[in-house]
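The values are calculated or read from the model by the stated rules, or taken from the named source; none is laboratory data. Note that this is a predicted model, so its numbers are computed, not measured. Positions of Cβ are backbone-derived with ideal geometry, glycine not excepted, and every protein chain shown enters the neighbour counts. When the accessible area is computed, the model is the full protein with side chains, heavy atoms only, and any ligands, DNA or RNA have been set aside. Shrake-Rupley method; radii C 1.70, N 1.55, O 1.52, S 1.80 Å.
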Protein chains: 2
Amino acid sequence: MSDEFDLTLARHLDAAPDLVWRAWTDADLLRQWFTPAPVTVREAVIDPRPGGRFYTCMRLPDGTEIASEGCILSVEPERRLVFTDAMTEGWRPAPSPFMTAIITLAPDGQGTAYGARVLHADAPARDRHAEMGFERGWGAAADQLEAVARSLGA
Amino acid sequence: MSDEFDLTLARHLDAAPDLVWRAWTDADLLRQWFTPAPVTVREAVIDPRPGGRFYTCMRLPDGTEIASEGCILSVEPERRLVFTDAMTEGWRPAPSPFMTAIITLAPDGQGTAYGARVLHADAPARDRHAEMGFERGWGAAADQLEAVARSLGA
C-alpha cells in the first residue's frame, strides 16, 4: 500500500445513503452534480457492475468538451463504488491512466458519511491532481451531490 | 469494445476445471508453470479476490530477475479469472500499464476448455506483445499448466 499517493475527501451529507447512491449511479442524476459549476456534464454513461463503462463528457464555459472513459471496478450498493480511468469498459488498459476513486457511504444520523479516496500511481500524479484543484473541485461537487440527493427525498 | 487489440489463446487441457483453477490460484503451484522454461518463477503471490495482489518475480537463465506487480479484478472460481498489470494491489493505477488477461475455464469432456484473452490499450501494445512471443510463450505455459493440473488429480 502507498497511502501517501492518495488524496481524500470526507463529508457529512444531509441525505440518506440510498439517495446518495442513486445520485451517483443514475447517469441522468450524475450529470446534475458531477462537475463543479460552471463546468457541466454534457453526457454521462455509468454501468454499475465490475467491468462496466463509466463515461463522462464535460463542457467548459468556453465550449471546450473533455471526454473521459473509465471502468467500474467494484460495486457494493449504498456502501462502496470503485472506478478508474486506468482502464476502459471491460477492463481494457487505458492509454493514459491517472487515478482510481473509492467512494464510500455509511449511515450517519439521518444522512451519510461520505468518503472519497483517490489513488494515484506516484507522488507526481498525486501532486498534479492536487494542483488541478482536487480539494476545491471534489468539495464543490460533493455540495452539488448533496443537493441532488436531498431533492430525491423531498 | 476494441477486440482487434486483443491476443487470444484457446486450448483443451487434459485436467478438470477445478484442478486447473487450483494450479492458477495457489501461488506454490502457479510458480511451477507460469513462465515457459528455462525461465523460472522465483516468487509468486496471488490473492484471488477483487483488488487482490498478483505478484510474480521471474528469473531468466542469466540470473536476471523481472518483478511484476498486478491486481486481481474479477474472480469466478473454476470459471473465470481477470487480472491486470495496469493496476497494483487495491486497484492503484500502475506507472506502466500494459495488459489485462481474462482466463476462462469450462468443462470439456473430462478436461477443460481453456481460454486466455489478453487486452491491450492499442495496436502498438498488442503488436509489441505479439513480437515478445505471446503465442509461443503462453502456449508453452499452458502445456506446463496442464502438466501441473494433471499431477493434482493423480
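Going through (1) open to solvent by less than 20 Å² (accessible area, probe 1.4 Å); (2) within 24 Å of B:Leu29 (Cβ to Cβ); (3) touching a Phe, Trp or Tyr at 6+ places or on another chain (Cβ under 9 Å) one by one, B:Asp143 falls short only on (1).
Annotation: of all residues in the stretch A:55-108 being hydroxyl-bearing (Ser, Thr, Tyr) and under 30 Å from A:Asp14 (Cβ atoms), the one that is surrounded by the fewest Cβ atoms within 10 Å (Cβ to Cβ) is A:Ser68. Within the stretch A:1-41, the residues that satisfy the criterion of being modelled with pLDDT under 95 and either assigned to a strand (DSSP E or B) or among the small types (Gly, Ala, Ser) (or both) are A:Ser2, A:Ala37. Total residues in the stretch B:121-141 satisfying the condition of being within 12 Å of B:Glu4 (Cβ to Cβ) and either without any contact (Cβ under 8 Å) to a residue 60 or more places away in the chain or of a type outside the set (A, V, I, L, M, F, W, C) (or both): the figure is 3. Which of the residues spanning the stretch B:109-140 are under 23 Å from B:Ala37 (Cα atoms), surrounded by 18 or more Cβ atoms within 10 Å (Cβ to Cβ) and hydrophobic (A, V, I, L, M, F, W, C)? The answer is B:Ala116, B:Val118, B:Phe134, B:Trp138. If you go through the stretch A:42-66 and pick out every residue that is outside any strand (DSSP E or B) and among the β-branched types (Val, Ile, Thr), you end up with 1. Only residues that are within 14 Å of another protein chain (Cβ to nearest Cβ) and surrounded by 18 or more Cβ atoms within 10 Å (Cβ to Cβ) were counted across the stretch A:7-47, and they come to 1.
Table: residues versus (1) on the phi < 0 side of the Ramachandran plot; (2) under 13 Å from the mean Cα position of the chain (by Cα).
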residue	(1), (2)
B:Thr8	yes, yes
B:Val39	yes, no
B:Glu43	yes, no
B:Asp47	yes, no
B:Glu78	no, no
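Beta carbons closer than 8 Å, at least 6 apart along the sequence or on distinct chains, pair a first residue in the stretch B:86-104 that is more than 7 Å from chain A (Cβ to nearest Cβ) with a second that is polar (S, T, N, Q) for B:Ala101/B:Thr84. Listed by first and then second residue, the pairs with beta-carbon distance under 7 Å, at least 6 apart or on different chains, first residue in the stretch B:23-43 and closer than 15 Å to B:Tyr114 by Cβ, second open to solvent by 30 Å² or more (accessible area, probe 1.4 Å) and acidic (Asp, Glu), form an empty list.
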